């Protein structure tokens with residue numbers, strides 16, 4: 001699978017380890033930065049990953065910041081992105097299976113490397129179920145996104 005990954009300074013070290021891990025299990029990983037632990041702003045890197053997903057350059061994205069919250073908020077501003085902050089394996093696979101989550105967000109100050117690997121594995125191994133109830137709900141989410149992206153809040 002083609003994956004884009006990005007982080008701010010808080011997620012830099014964990015990002016480097018996850019890149020090695022994902023490549024070792026056969027994934028094609030594009031690192032969109034940051035490239036050091038020098039302080040940077042998480043929205044810049046969350047947006048890069050989200051844009052790569054929306055543009056179809058990659059199939060999924062992974063973003064890391066300190067808590068995961070800021071990067072998730074940022075990524076979800078991009079139409080077509082369904083990002084979730086997950087710190088357990090159930091949420092990581094269920095978010096894909098039921099909600100067609102296409103960006104995983106991790107809090108590098110919340111979880112360690114081994115749990116992060118398990119979460120990433122669950123996320124990348126999951127597929128959207130396509131069940132009628134999940135499709136119906138996803139279509140409602142997409143309708144909300146379309147309504148607000150056109151500037152019409154109702």
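Read-outs: derived from the displayed coordinates by stated rules, not from any lab. These numbers come from a predicted model, not from an experiment. Heads up, the Cβs are rebuilt from the backbone with ideal geometry, glycines too, and the neighbour counts pull from every protein chain shown.
A compact table of results
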{"read-out": "Distance between modelled label sites at residue 110 and residue 28, nm, 7 Å Cα→Cβ extension", "value": "3.1"}
{"read-out": "Among 17, 97, 131, residue whose mean-square fluctuation peaks in a GNM of the chain (springs only between Cα atoms under 10 Å)", "value": "131"}
{"read-out": "For the stretch 40-95: span of alpha carbons on each principal axis (Å, largest first)", "value": "27, 26, 15"}
{"read-out": "On Cα atoms only, tilt of 132-149 relative to the major axis of the chain in degrees", "value": "90"}
{"read-out": "Overall form of the stretch 85-154 per C-alpha gyration tensor (a/c, 1.5; a/b vs b/c)", "value": "oblate"}
{"read-out": "In degrees, nearest ten, helix 113-125 long axis to first principal axis of the chain (Cα)", "value": "40"}
{"read-out": "Gyration tensor verdict on the stretch 2-127 (Cα atoms; rounded if a/c is under 1.5, prolate if a/b is larger than b/c, oblate otherwise)", "value": "rounded"}
{"read-out": "Rounded to 10°, Cα long-axis angle of helix 89-99 versus longest principal axis of the chain", "value": "30"}
{"read-out": "Global form of the stretch 73-124, assessed from the alpha-carbon gyration tensor, a/c cut-off 1.5", "value": "oblate"}
{"read-out": "Separation in nanometres of the label points that stand 7 Å from Cα toward Cβ, at residue 13 and residue 118", "value": "2.1"}
{"read-out": "Footprinting exposure proxy for 7, 149, 67, 24 (fewest neighbouring C-beta atoms within 10 Å first)", "value": "24, 149, 67, 7"}
{"read-out": "Relative contact order [Cα under 8 Å, 6+ residues apart], the chain, whole percent", "value": "22"}
{"read-out": "Selected from 38, 100, 88 as most flexible by GNM, with the chain as the system and alpha-carbon contacts under 10 Å", "value": "38"}
